There are 6 protein chains.
Amino acid sequence: MSGVQRLLVVGAHAADFVWRAGGVIALVTANGGEAIVLALSYGERGESGELWKEPGQTVERVKAIRHEQAERAAHLLGARFVSFDLGDYPLEVDREATERLAQLIRDFRPDAIVTHTPTDPFNPDHPVANQAVQRARLLSSGAGVASAFETIEPPPLYYFEPHQPELCGFVPNVFVDITPVFEKKVAAMQVMASQQYLQHYYAELAERRANHARRISGAKDIRYAEAFQRVTPLVVRALLGHG
Amino acid sequence: MSGVQRLLVVGAHAADFVWRAGGVIALVTANGGEAIVLALSYGERGESGELWKEPGQTVERVKAIRHEQAERAAHLLGARFVSFDLGDYPLEVDREATERLAQLIRDFRPDAIVTHTPTDPFNPDHPVANQAVQRARLLSSGAGVASAFETIEPPPLYYFEPHQPELCGFVPNVFVDITPVFEKKVAAMQVMASQQYLQHYYAELAERRANHARRISGAKDIRYAEAFQRVTPLVVRALLGHG
Amino acid sequence: MSGVQRLLVVGAHAADFVWRAGGVIALVTANGGEAIVLALSYGERGESGELWKEPGQTVERVKAIRHEQAERAAHLLGARFVSFDLGDYPLEVDREATERLAQLIRDFRPDAIVTHTPTDPFNPDHPVANQAVQRARLLSSGAGVASAFETIEPPPLYYFEPHQPELCGFVPNVFVDITPVFEKKVAAMQVMASQQYLQHYYAELAERRANHARRISGAKDIRYAEAFQRVTPLVVRALLGHG
Amino acid sequence: MSGVQRLLVVGAHAADFVWRAGGVIALVTANGGEAIVLALSYGERGESGELWKEPGQTVERVKAIRHEQAERAAHLLGARFVSFDLGDYPLEVDREATERLAQLIRDFRPDAIVTHTPTDPFNPDHPVANQAVQRARLLSSGAGVASAFETIEPPPLYYFEPHQPELCGFVPNVFVDITPVFEKKVAAMQVMASQQYLQHYYAELAERRANHARRISGAKDIRYAEAFQRVTPLVVRALLGHG
Amino acid sequence: MSGVQRLLVVGAHAADFVWRAGGVIALVTANGGEAIVLALSYGERGESGELWKEPGQTVERVKAIRHEQAERAAHLLGARFVSFDLGDYPLEVDREATERLAQLIRDFRPDAIVTHTPTDPFNPDHPVANQAVQRARLLSSGAGVASAFETIEPPPLYYFEPHQPELCGFVPNVFVDITPVFEKKVAAMQVMASQQYLQHYYAELAERRANHARRISGAKDIRYAEAFQRVTPLVVRALLGHG
Amino acid sequence: MSGVQRLLVVGAHAADFVWRAGGVIALVTANGGEAIVLALSYGERGESGELWKEPGQTVERVKAIRHEQAERAAHLLGARFVSFDLGDYPLEVDREATERLAQLIRDFRPDAIVTHTPTDPFNPDHPVANQAVQRARLLSSGAGVASAFETIEPPPLYYFEPHQPELCGFVPNVFVDITPVFEKKVAAMQVMASQQYLQHYYAELAERRANHARRISGAKDIRYAEAFQRVTPLVVRALLGHG
């Protein structure tokens, strides 16, 4: 069973991909694969803490800075950054934007899609992003039969780790060893200057998840890990042991 | 990520492994791996339907026939058959038997263990087997640190499919394509003459699960599949797509 | 679909059947059916509040009074009272007692069994009774095939309402109109002098559950009801509307 | 307790009722009752596999064929076919369509409504249909008191079986013996030429569910069954055994 | 840990606050605190039973009566009544109304918000109110960082008790002793003449919940209680015993 | 609402209380309260990693060292250490030991009991400890009525945080600010030399839980916290805001 070669990560806000999936993105691209990170909004109003401490700050300026930061972070991870600029707090994804997302999925044909959990009592936009991804994914792949529109094979779906996992109903069932690319994730996190306070938090989280992964598998060389919840079943040619 | 090389399947009764995991056993051994099938009892009293229709039948005779059938079926799948002969209806696994199972796990060092679901409203022995396996697995692998007894790396744990999955809380998250070895499973099922009525049922189930696996993954060449619920998280070096 | 003709109610303590299932017992017997109420213990140590306020009270005397009260209450409901006298706080049901219960089920061949919920954070004995009933029920009915022991068709299983339903995970899916026999239930409750404080509580509960039943079904003539959670699926010849 | 006399089945697409509830529809009408099958859309874009293999196919033509097929299938089952033609992939049910559905429920006064599960990770339209039915049912029956609009008694609600039940959270609690009308269901399935590949699948499913129903109830004469999840509690005059 | 000083109760309909939270409202105001009760609609069409028995009744008249009654009831409890008059059966809360609610929360800065459960199979409007409150609460408090809009500290969130708690997934984890203010709740309930039939029901419920609270805590002086489900974790300076 | 004055912490092994509840123990004793920490076993065989690296180590010597360390750690937290020395891997708590625990609870009359979660797929002994505590707690407090044995008011029950919370079903609903006593917890952790590798892990966990607590409550001065899951409902005199 080989790793993902075409990865799509969808976040409600511009920086989600860095904290929550920076490692697996870097793994895909380091292995010669391709990754797209899509931000449904820039998180310009609600998620750009330090930028809003500047006097006279404007939404347009925050969006520009966030775009530039996200693009640089994506670049450091080897990924392409795309934004739909749908607005945040609240994010809304209407029928037209859902179809646009479905088309992006059809065009890119990812081996896996990663997004937010369906529940998040700390954020109004994360569940909206989840719903949009779930719908667009089904619209892109159809019912597995010939249809009035182009369809692709249904990409596996993962949730990345939310801020307070237990309260979001997040139960990790896949731990990915990101030790070989951890430095890239650190570099990408450093770019997100507007949310600097998160860098230490997510570096420690990577150590904590590595501790868990070692305990689960016995693999003593894992120093940094990211946790995911795979939603779609695995379809395999043999039962899997540890990785 | 490579497939399991050392597989342990634990059933409450002698024939469980054939119906529920015959395919993955054959895959392991076909790929050069090793498999042990352990029956905690012979299912001599409660699970040997057709044998008990013979007048003058005795428990000892049923056990002997079941042992011989299970051994032949295991052989056809390339596996070794072991029985603990603990009695059925009700099966009880005391401290000594649990330790014996833990020692078997330590000695064999399986890459994966497969057993019953923890809940089964149709069978008094299946949950007992599950509890025993869970405890023995933890006793064999310890706390991940040096200890007073020998420990091994904790083997991943799977549940195989129960008879009425929804009512047992079974949610399949791994579908294994058993098309290449399906004929071996059929041959093994035919050996279990004491439960002949199940052969048709489980052959159809393999087609049904293949239908599901195709729908999930788009892999059109899967004709027979077995479904499992993986309980322990995957620890991997890269995010996985479809198999 | 006709109502139950042979009903078995199993309680951890002598009086459980009165409060929690007195109505359905009376309905069965009023309709010409037969009911057995089995108390695994007398609840002599933990559940006999007012009796223990008498100075010099003894366990043996409490058991005798409880036996006599339960027998009278059962009689008023038209049922037969049986006690296993296994002791309470804590109740323990060993292998021999489980088999005795399985034999009682085989002999009586009930159309339905009613007992406690599997979870009850307010009582150490209720979950033990539940486990015993679940095991004995499976041992009495076997695997649906010929076996070394006599088997009967698996009786449907219900849970009656615990004291604090939400905290016991009780979700009622069957409301039974006990209006025609409510006076019998009241009479039976009055016999349980050792737990007098519960009579008002359970009379009001019957009104409350009737209110719910009316709201669910529109049946305006239901004045008293009991709520149950049916665990085993219905197998029917036609889809059912309201009763 | 007598069977349903007025049955409403609501599907997202034109053919859902045939595969998932054809048997119970035929039972109702064979017993002198009345059934309406409502398709919220024709499934013209996403669910009409074989029709879209024809070159030059158009949505209008697919809709016409699907209408004609569904009408014939409904006729074979003794039911009336109604379509709201709301469009599929994605289906959307706005306020006006919800009120139209509520009015249909008020006018028909069904004894039971059957529809999709609220969750279906394989289909974008099934959960939308479920939500619409749940809302319309509540709007049609109100709060159980006098109100500004006409209300009816709240009809019991059932979910029919989805394609991959465990992954849709479907837990069957009602199995209906459809043996007496199975030939009618087969005939109705044969009409749905645009989804021919499903006929074998659902015929086998009927045997599998019959196997389950026999094991649950001991009723050996059940050869074909359909499984449902009843959502609203039963309100009855006596505890029910097996059917 | 001191009690709430600023309480916001949000109901779908004008009278919800009286039945479900009248006691805690009176406690807050009796302790010198401030309470706002917000009705998203008047429940004019679906929840005003007795008013609709009058011939020639109109929606406008019902709304006026409901407003006047709710205002008087609120006054008796020491609270301020606010209505958004959004319409009922079905209630819809659009983006503008959600923002209006968020602004009310920002302005009032409540120590706690109390509203409906997210699930209610008996009412189409309660879940809509829940969703609106959850979204507005998150919009008012933001991501805990500087942002483009004013934010407040996130108020703890509670659900009050629905009519049929088990079927709404309501699990009470906070019981509040309302004995000292119970007479005020009774007075407020008497004002809601349009739903007179509920007064007896909710008075008995208060006794029943007090019985539960006594059993849980041992506090024998609790005669009337209200039950709530706290959704947001407690953040405290010491572990809490009973109150 | 005041904090706990009499706290009982029960661990399967000698050191559990330090890592998982050291902060709340220190808070209780710093506030003039009393705390007992009970170890059901010393964790001598499975949990004493570094000690077993010494050549020639014996179980008796490990137990002695663990006793001495636990006693010193408890002393630093102001608590009394008690051990039942029941053995580990596997821990078994028989009827006599359960009654001994019940008597300890009756004698100490704690305001709160803290122990392991009922599920822990990484440890065979933690769920056993949970079951024992649940049973003993119920035996100590009885049914809330007069009985054959002395009873106390039922102490509230909490679970402390397990190693991999999501996989143990742990959902924290109480965060306790342990900033004022964090140095004491650090000192106590340093005493547990046999599990040195855990000190860094649990110090970081305290920071992480403080981050969560700040986000939930807005209380910016919380630097270290412990998370708990309260199982028994709160019974209070007023609705609570944040602490």
Hey, B:Thr58 hits all of (1) on the phi < 0 side of the Ramachandran plot; (2) crowded, with 22+ Cβ neighbours inside 10 Å but one; which does it fall short on? (2)
Qualifying residues in segment C:164-216 (those that are under 30 Å from F:Pro156 (Cα atoms) and charged (D, E, K, R)) - the one surrounded by the most Cβ atoms within 10 Å (Cβ to Cβ): C:Arg209
Condition (residue is closer than 19 Å to D:Val28 by Cα, within 14 Å of chain E (Cβ to nearest Cβ), crowded, with 20+ Cβ neighbours inside 10 Å and β-branched (Val, Ile, Thr)) applied to segment D:111-124: is it met by at least one residue? yes
Filtered residue count, segment C:164-192, keeping only those that are part of a helix (DSSP H, G or I), more than 19 Å from E:Asn211 (Cα to Cα) and not charged (D, E, K, R): 9
Quick check on my filter: what residues within segment A:63-84 are within 23 Å of A:Phe122 (Cβ to Cβ), in contact (Cβ under 8 Å) with a residue 24 or more places away in the chain and either over 18 Å from the mean Cα position of the chain (by Cα) or away from every other protein chain (no Cβ under 14 Å) (or both)? A:Gln69, A:Ala70, A:Ala73, A:Ser83, A:Phe84
Of the conditions (1) under 21 Å from B:Ser140 (Cα atoms); (2) within 13 Å of the chain's Cα centre (by Cα), the single one that F:Ile113 does not satisfy is (1)
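Results for (1) without any contact (Cβ under 8 Å) to a residue 40 or more places away in the chain; (2) in a loop (DSSP other than H, G, I, E, B); (3) out of contact with any Leu (no Cβ under 6 Å at 6 or more places or on another chain), shown as yes or no for each residue.
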site	(1), (2), (3)
C:Ile113	no, no, no
C:Pro127	yes, no, yes
C:Arg135	yes, no, yes
C:Leu139	no, no, yes
C:Gly144	yes, yes, yes
C:Thr151	no, yes, yes
C:Pro155	no, yes, yes
So which residues in segment E:85-111 are of a type in the set (D, E, K, R) and either touching a residue at least 60 places away in the same chain (Cβ under 8 Å) or part of a loop (DSSP other than H, G, I, E, B) (or both), if there are any at all? E:Asp85, E:Asp88, E:Glu92, E:Asp94, E:Arg109, E:Asp111
Within segment D:1-22, work out how many residues are outside any loop (DSSP other than H, G, I, E, B) and either buried (at least 24 other Cβ atoms within 10 Å of the Cβ) or away from chain C (no Cβ under 14 Å) (or both). 12
Tally the residues that are assigned to a loop (DSSP other than H, G, I, E, B) and either crowded, with 24+ Cβ neighbours inside 10 Å or of a type in the set (A, V, I, L, M) (or both), restricting the search to segment C:222-235. 3
Is it true that C:Arg72 is of a type in the set (Lys, Arg), surrounded by fewer than 19 Cβ atoms within 10 Å (Cβ to Cβ) and closer than 15 Å to C:Asp16 by Cα? yes
Could you figure out which of (1) touching a residue at least 24 places away in the same chain (Cβ under 8 Å); (2) farther than 30 Å from E:Gln5 by Cα isn't true of E:Leu27? (2)
Flag for A:Val181 being farther than 26 Å from F:Glu161 by Cβ, more than 9 Å from every other protein chain (Cβ to nearest Cβ), in contact with a Leu (Cβ under 8 Å, 6 or more places away or on another chain) and at pLDDT below 95: no
Out of B:Ala238, B:Ala219, which single residue is facing chain A (nearest Cβ under 10 Å), surrounded by fewer than 22 Cβ atoms within 10 Å (Cβ to Cβ) and part of a loop (DSSP other than H, G, I, E, B)? B:Ala219
Of all residues being closer than 30 Å to A:Ala136 by Cβ and of a type in the set (A, V, I, L, M) in segment D:1-20, which is modelled with the lowest pLDDT? Just the residue, please. D:Ala15
Do we find a residue being more than 8 Å from every other protein chain (Cβ to nearest Cβ) and free of Cβ contacts under 8 Å to residues at least 24 places away in the same chain anywhere in segment B:161-170? no
Kindly establish whether B:Leu157 is at pLDDT 95 or above, closer than 23 Å to B:Arg95 by Cβ and within 11 Å of chain A (Cβ to nearest Cβ). yes
Breaking point among (1) more than 24 Å from D:Ala136 (Cβ to Cβ); (2) modelled with pLDDT of 95 or more; (3) not polar (S, T, N, Q), for E:Pro90: (1)
Could you count how many residues in segment C:48-79 are touching a strand residue (DSSP E or B) at 6+ places or on another chain (Cβ under 7 Å) and at pLDDT below 90? 0
Residues E:Ala148, E:Ala129, E:Ala143: which one is over 28 Å from F:Phe175 (Cα atoms) and at the interface with another protein chain (Cβ under 8 Å from one of its Cβ atoms)? E:Ala148
Of the residues in segment E:23-51, those that are surrounded by fewer than 24 Cβ atoms within 10 Å (Cβ to Cβ), within 14 Å of chain D (Cβ to nearest Cβ) and small (Gly, Ala, Ser) number 1
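The values are calculated or read from the model by the stated rules, or taken from the named source; none is laboratory data. Everything numeric here is computed off the predicted structure, so don't read it as measured data. So basically every Cβ, Gly included, is an ideal-geometry build from the backbone, and we count neighbours across all protein chains shown.
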